[in-house]
Amino acid sequence: MFAIQKWRCSWSTVAKVASIVTLVSVVHLFLYPVVPSLDYFRQFQNFCVPMSMNTSNSNDKSTEGIQKNPTGIISTEGSQSNLGTSPMPMIDLNVRFPHDLHNAVVYRGAPWKAEVGRWLAGCDSNTSAVKVVEQIGGKSCRSNCSGQGICNRELGQCRCFHGFTGEECAERQELSCNYPGSKEQPFGNWVVSVCPAYCDTTRAMCFCGEGTKYPNRPVAEACGFTINPPSEPGGAPMTDFTKADLDVFTINGSRRGWCNVDPVEAYASKVLFKEECDCKYDGLWGRFCEVSVLSTCINQCSGHGFCRGGFCQCDNGWFGADCSVPSVMSSIREWPLWLRPAQVNVPENMNSRGNLVNLDAIAEKKRPLIYVYDLPPEFNSLLLEGRHFKLECVNRIYDPRNATVWTDQLYGAQMALYESMLASPHRTLNAEEADFFFVPVLDSCIITRADDAPHLSMQEHVHGGLRSSLTLEFYRKAYDHIITQYPYWNRSSGKDHIWFFSWDEGACYAPKEIWNSIMLVHWGNTNSKHNHSTTAYWGDNWDPISSDRRGNHPCFDPDKDLVLPAWKQPDEGSLNAKHWSRPREKRKTFFYFNGNLGPAYENGRPEATYSMGIRQNVAEEFGSTPNKEGKLGKQYAEDVIVTPLRAVNYHEELASSVFCGVMPGDGWSGRMEDSILQGCIPVVIQDGIYLPYENFLNYESFAVRIREDDIPNLLNILRSFNETEIEFKLGNVKKIWQRFLYRDSVVLEAERQKAVRGSVEDWGLKFSQLMEDDVLATFIQVLHYKLHNDPWRRELLQKKEFGLPNECLIRTE
């Protein structure tokens, strides 16, 4: 498949390659004692046609210098490195990086599928930086967005705050908390934002309002309405959303009030208060919302703005969803690390007819390069700013010290990856140089906020309630925006664009217009067996969505898409305990699964379709906890745990097990991540549904797949592995566990905390000490492989510098 023509690298790179060759040779000597000599490599001819090997660059504006010189060039740092070329012998990567007995090639500790591992070991490891012209925007916006928005100085367009719209953000929106009322329903049909008090119509959020002692205290959901006693013994109280509870406004301390309740008196039990009222909105803390804290924003505005409830209000000279993009008015010394070092060409005429002229900054970057669209805030920032529940769709909030509180929100991966990409050295502002385009639509916020307020209504979406239909519409609108505002989609019919679908069934409800793109998901259902909606929750069912909108695509295409790990709350305890490295002799449980097992068990999900029946079938065979009929599994064994009972220390029990079950819930579950992070061998039971990285990593090296029809033979199959095979898999789990952590996102937050508070919590110190590749690094490696191996790339013979040896470039024949 591969052959070298020559290498393009500096002598320092040659030295690195030599040491890598020596190291890899020693590693492979263990399994393959005979390694061909370099004389053998020289006999091969070049099979590859390079996409571009032009070493000159007519657009190269770089030069050396720290301060402005007569040519108008300044630099953020010292001189640039030499990107010269040196001839190297031809190498066949098939020979140089043979696969092992499991058909895997190891790269940076991970066992990859052979063809992927070979390319990464021979090519990704030898990537050199290329010069990229980054354009720093200087366009202005009309009326400076009227003070109610941020100017995107790349496009000259306003990004308006919540409740404002129009080209100048001058039009005030009226976002009602309530639907139109009637005699029977004076506050309208139920919606999360339903409000009997003061409605902030810029956000559709309910507060106590003027005339009360605490006008900015939320009156969220049930708080402002009458609570009726349970209709039957042991039942739950019922909220009557047709009748306001005027006692929330009382000043009588003997009645259950809220809006005039003094926190000091309430904490001292001197006055009563309504327990159903609480502090749901972001930016507030305390039982009575008496403490203002930081809200959660994307990258916390990168130190160049103020987080207003979830929307970054950027400082002058900065823009972007996280205020990370400098304009020509910014100080070069404050530019983000992903733009440094850079040399800037300063034109003589910096101001032209009211618009500042764009600047060209020449930076050295390694591919792949990713352009992140700055979408209108309705697809991200506004969804954060208007959250009615502070824990929705984010991976962190802030306590009264403004210290980070990590959440266990499974959908937090979307926020984590978005933030990491915005701060990545692989990010580029030059879309013409970009290899991939990321479209940041926060579907986890869309779905969790569905029916938050009338302007986020599901009433028009298939029988008045499908969150999947509402979400599809958001993605289609984002597609409409980028094809009308940018020229890049048609270059590849969207094949180089990336969309993240984090919800339970992933991209099953992606609109047909974007299906050519790369889908990042947690649910890799190829529909080869389960060819319909697999969720037991009707609101997420995508089966009723018409093919006119959805098309007839599967949920996942392993030839183009990627399953990413789910977010897991950073667990300092597990890091200290080193669960991933626990040896075989301390893992006493042979097989372990803890989770909802369906209707046969107390408090089990009542739907027979939950988990597609897989968990139920496993429990029927191997259940270790009696079901409602008092029965254990038909093949109950002492060293097997299959239980719905919540564990006192879940991570400890996983770390004490050899094999751990990975089965679906409503779509994906986080069991794969649980297993890997605690060093347990995953046992995957879900036919035709891919797990994280499964189309790139060699799962045979660290996991076991069991067909659904073979569930009765589960234990026989697992017990057939000898101790050598078990130790081999456990060893590989130990090598890859960090690839299931969003370490980069955690470290970014630790750095922000240090900048703001001057200190770092223990979790920050622990995660900063982890040095192996994480989710972001693995994702970038996969993109780099796809850049030079996806067949459709042959049609785009772009004249770019790739910083790679010839044998790594895509072949044209």
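Sub-6 Å Cβ pairs linking a first residue in segment 198-213 that is under 13 Å from PRO454 (Cα atoms) and without any contact (Cβ under 8 Å) to a residue 60 or more places away in the chain to a second residue that is among the acidic types (Asp, Glu) and surrounded by fewer than 19 Cβ atoms within 10 Å (Cβ to Cβ), at least 6 apart or interchain, are THR201/GLU174, ordered by first then second residue. If you go through segment 86-109 and keep only what is at pLDDT 95 or above, in contact with a strand residue (DSSP E or B) (Cβ under 8 Å, 6 or more places away or on another chain) and under 19 Å from HIS788 (Cβ atoms), you end up with just VAL105. The set of residues in segment 285-303 that are open to solvent by 30 Å² or more (accessible area, probe 1.4 Å) and either under 25 Å from HIS162 (Cβ atoms) or of a type in the set (S, T, N, Q) (or both) comprises TRP285, GLU290, VAL291, SER292, LEU294, GLN300, SER302, GLY303.
Which one is surrounded by the fewest Cβ atoms within 10 Å (Cβ to Cβ), of the residues in segment 214-231 that are in contact (Cβ under 8 Å) with a residue 40 or more places away in the chain and in a strand (DSSP E or B)? Here the answer is ILE227.
Scanning segment 619-651 for residues that are within 28 Å of GLY573 (Cβ to Cβ) and either polar (S, T, N, Q) or buried (at least 16 other Cβ atoms within 10 Å of the Cβ) (or both) turns up SER624, THR625, VAL640, ILE641, VAL642, THR643, PRO644, ASN649, HIS651.
If the requirement is being part of a helix (DSSP H, G or I), modelled with pLDDT of 95 or more, closer than 30 Å to TYR371 by Cα and among the small types (Gly, Ala, Ser), which of these qualifies: SER295, SER302? When all the criteria are applied, what remains is SER302.
So is SER457 modelled with pLDDT under 90, surrounded by fewer than 23 Cβ atoms within 10 Å (Cβ to Cβ), on the phi < 0 side of the Ramachandran plot and among the small types (Gly, Ala, Ser) or not? Criteria met by SER457. The condition (being among the aliphatic types (A, V, I, L, M), touching a Leu at 6+ places or on another chain (Cβ under 7 Å), modelled with pLDDT of 95 or more and closer than 15 Å to PHE591 by Cβ) is satisfied by just one residue among ILE681, ILE641, ILE685: ILE681. Quick check: is even one residue across segment 263-274 among the hydroxyl-bearing types (Ser, Thr, Tyr) and surrounded by 21 or more Cβ atoms within 10 Å (Cβ to Cβ)? So far as segment 263-274 goes, no, none of its residues is among the hydroxyl-bearing types (Ser, Thr, Tyr) and surrounded by 21 or more Cβ atoms within 10 Å (Cβ to Cβ). Scanning segment 763-789 for residues that are crowded, with 17+ Cβ neighbours inside 10 Å and of a type in the set (Asp, Glu) returns ASP773, ASP774.
One line per residue, one yes/no per condition, for (1) of a type in the set (Asp, Glu); (2) touching a residue at least 40 places away in the same chain (Cβ under 8 Å); (3) touching a His at 6+ places or on another chain (Cβ under 7 Å):
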site: VAL642; (1), (2), (3): no, yes, no
site: ALA655; (1), (2), (3): no, yes, yes
site: GLY665; (1), (2), (3): no, yes, no
site: ARG671; (1), (2), (3): no, yes, no
site: GLY688; (1), (2), (3): no, yes, yes
site: ILE706; (1), (2), (3): no, no, no
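For segment 109-188, the strands (runs of 3 or more DSSP E) that sit wholly inside it and include 1 or more residues that are among the small types (Gly, Ala, Ser) and surrounded by 20 or more Cβ atoms within 10 Å (Cβ to Cβ) are 110-113, 149-152.
The values are calculated or read from the model by the stated rules, or taken from the named source; none is laboratory data. Predicted model only: the values in this text are computed from it and were never measured. Don't worry about glycine lacking a Cβ; one is built from the backbone with ideal geometry, like all the others, and counts go over all protein chains shown. All accessible areas refer to the heavy atoms of the entire protein, side chains included, with ligands and DNA or RNA removed. Shrake-Rupley method; radii C 1.70, N 1.55, O 1.52, S 1.80 Å.
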